[in-house]
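The values are calculated or read from the model by the stated rules, or taken from the named source; none is laboratory data. Remember, it's a predicted structure, so these values are computed and weren't measured experimentally. Cβ placement follows ideal geometry from the backbone for every residue including glycine, while neighbour counts extend to all protein chains displayed. Please note that ligands, DNA and RNA were not included when accessible areas were found on the heavy atoms of the full protein model with its side chains. Shrake-Rupley method; radii C 1.70, N 1.55, O 1.52, S 1.80 Å.
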Amino acid sequence: MDETSDEPPTSAVLLDNCYFSQVIFNNVEKFYVPGGDVTCYYTLTEHIVPRRKDWVGIFRVGWKTTSEYYTFTWAPVPSDVHTVQQQIQFRACYLPKDDEDYQFCYVDQDGMVRGASVPFQFRAETEDDILVVATQGEMEEIELQNKNLRKENEELKASCASLQKQNVDLQEELSKTQELQKSLESLRSNTEKLELELSSLKKENKHLKERDDCREAELHQLKEQIQNVASDKEHLETRLKTALDHMDQLQSQVLNYEKEVENLSHMDRDKTKQLERLKEENHQLCLSRAQEQQNHTLMKELEEQKHLFQILQAEKDKADEENQKLREENDRLLRHLLQTRELSSLAAVSQAQAPIPAPEVVGLLFGNPYRVAEANVGAGAADVDCIRECPVCNEVFPEDIETSQYEAHVQSHLVDCPLCSETFDTSDTQVFDDHIFCHCLE
């Protein structure tokens, strides 16, 4: 029976007898008259620090654990640390009604016993309890019973020590079991997370397969476009053979092509910026996973933009290739014209023995990287001073410069693509970056 609605803290572990002396019970009567309140007096030693959940209980002699109390009362916490004398009162309605042996026990909030009183009973005191006279034989029998009781007490102490050790082992096993349970819960949580990640990876894999199918279709279209470009290349080679008599017209076409290439480059930059913006939006949508339909629409738009970009890139490459061929043909014709005029000058020198200025080469739109500045013919020999000019920065070099030095200077203005070996001007880094980005999309 409890005097409050709260259950007191208990424990299945018994302390050694030495801990029972931390609280000393004073003025404990041998008998308490039933029907009256009982006042318990006790002293707190310096070995115990009273806490709010400490309590004093009445236990039947022979108890094993602190949960076997008959009734209890909360122990008050002293307001002054120097106050060690305490007293509490048990109400009569909660006290035992039999004449068994009981004792007071002070239990702390950890459920450990810190003090125990001598046994007492709840019954009226009689004259037989005041004076007991026994014979010699009865005394010997009592001593024998005491001896047996001491032996039984020793056995109980040994059993108690064994139980305490078993209890410690069980607590250690319980702690290990709790740790294993926590580990198991953690593993379950990790397993659930891995399952979610696996599901997400499966969805992403499916999406990548769909994108791969789209890329294969685009690759097939690109192969067809390459075949068309090859056919156009053959057609252009045929046209170039008949273009010697129409050089001015071809140069005008080259100028138009360059303007178109510049427009395509601007379009290429705009499309690249738009493509980067769409890729960023696509990345954000993939992370959110909440707008899959919109993501699908954006990916479709991205593929269309990429397809348009590839078409524009192919047209740009086609125009560059045609422009390069026209440049090469222009240079070849220029060299042929220079050789023809040099031979004509040498023939005239041999007849007239007088210096004749070489005709100046004019009318080329792009110019020739190897220009003849002047042609001075001396007596008995033709010595043409060649002044070389860089086609990129227009720097002029003397005639005695080595060809390797001149080529190294020109090459310093150029950069090669590490993937397809196409050459670009270092001053236009945006075109080179766009070209590298096209390789990344393939």
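Before moving on, here are some points about what is shown:
- On a per residue basis, the range 237-341 carries 64 Å² of accessible surface, using protein heavy atoms and a 1.4 Å probe.
- Set against the 2.2 N^0.38 Å expectation for a compact globular protein, the range 60-213 has a Cα radius of gyration ratio of 2.09.
- For F31, the residues 5 or more places off, or on other chains, whose built amide H falls under 5 Å of its own are Q121.
- Heavy atoms of V33 accessible to a 1.4 Å probe, total area in Å² rounded to 10: 100
- Extending 7 Å from the Cα toward the beta-carbon at both R188 and E216 defines two label points whose distance is 4.4 nm.
- Karplus-derived 3J(HN,Hα), 6.51/-1.76/1.60, for each residue of the range 195-202, Hz, glycine and proline x: 5, 4, 5, 4, 4, 5, 5, 5
- Taking each residue as 0.36 nm, the span from E195 to K151 lengthens on full extension beyond its C-alpha to C-alpha distance by 9.4 nm.
- Two-site FRET efficiency, I142 against R52, from Cβ-Cβ distance with R₀ of 45 Å, rounded to 0.05: 0.50
- These residues, T43, T426, go from largest to smallest accessible area, 1.4 Å probe, as T426, T43.
- Gain on full stretching of the segment that runs from F437 to V84 - 0.36 nm per residue minus C-alpha separation: 118.4 nm
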